[in-house]
Amino acid sequence: MFLIEKMELYPFSVTEKHVVSYILNKKQAIENMTTTQIAAETYVSKSALVRIAQKLDFKGWIDFKKAYLAELNYLDRQNTNIDANYPFGKNDDLMSIANKIALLKKEAIDDTLSLISVKTFKEASDILYQAETIHVFAVSNNLLNAQEFQHNMSRIQKDVRIHQLQSEILFDAYLAKKNSCAIIISYSGETEILNQASRFLRRKNIPVILMTSLGDNSATKLAPCVLRLATREKLYSKIGTFSTDTSINYLLDCLYSAIFARDFDKNAHLRKQASEVIELKRTSSSAILQEAGKC
């Protein structure tokens, strides 16, 4: 649930609803307003603003204000002619479909990049780098999105385990060793089996990196390290998961690249050396594809 939706639905008092309505109407204008100014405009005390922020699960007004403005800025960027749920129509020709899917995927990457926090990205890469084993918990096609990440990480000798049997997810989380970490991919953040797995992992002090949609959901309360996905798609009313899949794959590519860069020379040498030995017979007549010294 987006913060704006939560503000509209939360059972505030009559006075608090008046303040919330003021904030929703002012939008980005509150960025340069002090609590004193807002309190004066809405005829409440500054402490009332703090209480509203706390009811919305923030420590205080500053944290609320930062999250609110970030959400507004994200939503303002959604002014696009491409509907992530139905990016093309029944009357579109083939090239129109191709162009619209390309634009949708580009926008999904730009959205995801805009949501990356340097602090959180570094925290996530630190967790992955230090772990001996990386567990990936997801359901449905999100498991497929994780397979290329697993493949790439295996080529630099990082152990990534994708838990595909839904009936075994809770056992796998419960039995995870202390020198491991986990990536949980949940667009809605409300998949109960994944949230239960996160609870088991948290009890064992195993670090969890959550990939989820923007806004508040059950999963974000269980994972301190949260990477946000492009949030454009509905849960069911859609042609496919083009935007979400692109966002997930982009984030996983970023995490793999961050780990690769930690030992760049070693990993580059390892990948090249292994390929030269194992893929010795791969050739191409294309000058672009040819390796130096090969034809």
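The values are calculated or read from the model by the stated rules, or taken from the named source; none is laboratory data. Owing to the predicted nature of the structure, the values given are computational and were not obtained by experimental measurement. A quick note on method: Cβ atoms are made from the backbone with ideal geometry, for glycine too, and the neighbour counts reach across all protein chains shown. Protein only, heavy atoms only, side chains kept; ligands, DNA and RNA dropped before computing areas. Shrake-Rupley method; radii C 1.70, N 1.55, O 1.52, S 1.80 Å.
Just need a number here: residues in segment 218-263 that are crowded, with 19+ Cβ neighbours inside 10 Å and assigned to a loop (DSSP other than H, G, I, E, B).
6
Answer with yes or no whether residue 176 is assigned to a loop (DSSP other than H, G, I, E, B), open to solvent by less than 10 Å² (accessible area, probe 1.4 Å) and under 18 Å from residue 255 (Cα atoms).
no
Which of the residues that make up segment 66-90 are open to solvent by 40 Å² or more (accessible area, probe 1.4 Å) and not hydroxyl-bearing (Ser, Thr, Tyr)?
66, 70, 73, 75, 76, 77, 78, 79, 81, 83, 88, 90
Look through 49, 128 and report the one residue that is within 26 Å of residue 1 (Cβ to Cβ), in contact with a helix residue (DSSP H, G or I) (Cβ under 7 Å, 6 or more places away or on another chain), open to solvent by less than 60 Å² (accessible area, probe 1.4 Å) and outside any loop (DSSP other than H, G, I, E, B).
Among 49, 128, only 49 is within 26 Å of residue 1 (Cβ to Cβ), in contact with a helix residue (DSSP H, G or I) (Cβ under 7 Å, 6 or more places away or on another chain), open to solvent by less than 60 Å² (accessible area, probe 1.4 Å) and outside any loop (DSSP other than H, G, I, E, B).
Restricting to segment 132-172, name every residue that is open to solvent by 60 Å² or more (accessible area, probe 1.4 Å) and closer than 16 Å to residue 207 by Cβ.
Matches in segment 132-172: 132, 161.
Given (1) part of a helix (DSSP H, G or I); (2) touching a Ser or Thr at 6+ places or on another chain (Cβ under 9 Å); (3) under 22 Å from residue 216 (Cα atoms); (4) not polar (S, T, N, Q), where does residue 30 come up short, assuming only one miss?
(2)
Check segment 192-210 and report whether any residue there is among the polar types (S, T, N, Q) and open to solvent by less than 20 Å² (accessible area, probe 1.4 Å). Give the steps one after another, and end with the answer.
Within segment 192-210, the first condition is being among the polar types (S, T, N, Q), and the residues that meet it are 195-196, 198, 205.
Right, trim to open to solvent by less than 20 Å² (accessible area, probe 1.4 Å) and you get 195, 198.
Checking segment 192-210: at least one residue is among the polar types (S, T, N, Q) and open to solvent by less than 20 Å² (accessible area, probe 1.4 Å).
Does residue 44 fit the bill of being surrounded by 14 or more Cβ atoms within 10 Å (Cβ to Cβ) and in a helix (DSSP H, G or I)?
No: the conditions fail for residue 44.
Starting from segment 122-133, take each residue that is under 14 Å from residue 183 (Cβ atoms) and list its partners that are among the small types (Gly, Ala, Ser) and in a helix (DSSP H, G or I), counting only C-beta distances under 6 angstrom and pairs at least six apart or across chains.
Qualifying pairs under 6 Å: 125/258.
Looking only at segment 133-164, count every residue that is of a type in the set (A, V, I, L, M, F, W, C), in a loop (DSSP other than H, G, I, E, B) and out of contact with any strand residue (DSSP E or B) (no Cβ under 7 Å at 6 or more places or on another chain) and tell me the total.
2
Could you check segment 17-41 and list, in sequence order, the residues that are open to solvent by 90 Å² or more (accessible area, probe 1.4 Å) and either under 18 Å from residue 5 (Cα atoms) or touching a helix residue (DSSP H, G or I) at 6+ places or on another chain (Cβ under 7 Å) (or both)?
If the condition is that a residue be open to solvent by 90 Å² or more (accessible area, probe 1.4 Å) and either under 18 Å from residue 5 (Cα atoms) or touching a helix residue (DSSP H, G or I) at 6+ places or on another chain (Cβ under 7 Å) (or both), then 17, 18, 25, 27, 31, 41 are the ones that fit.
Considering only segment 91-101, state which residues are free of Cβ contacts under 8 Å to residues at least 60 places away in the same chain and surrounded by 12 or more Cβ atoms within 10 Å (Cβ to Cβ).
Residues satisfying the conditions are 92, 96, 97, 98, 99, 100.
Restricting the first residue to segment 147-160 and requiring it to be within 19 Å of residue 269 (Cα to Cα) and free of Cβ contacts under 8 Å to residues at least 12 places away in the same chain, which pairs with a second residue that is open to solvent by 60 Å² or more (accessible area, probe 1.4 Å) and among the β-branched types (Val, Ile, Thr) meet a Cβ separation below 8 Å and a spacing of at least six or different chains?
Nothing qualifies.
Under 6 Å between Cβ atoms, at least 6 apart or on separate chains: pull out the pairs that start in segment 7-21 with a residue that is closer than 12 Å to residue 53 by Cβ and end on any residue that is aliphatic (A, V, I, L, M) and assigned to a loop (DSSP other than H, G, I, E, B).
19/44
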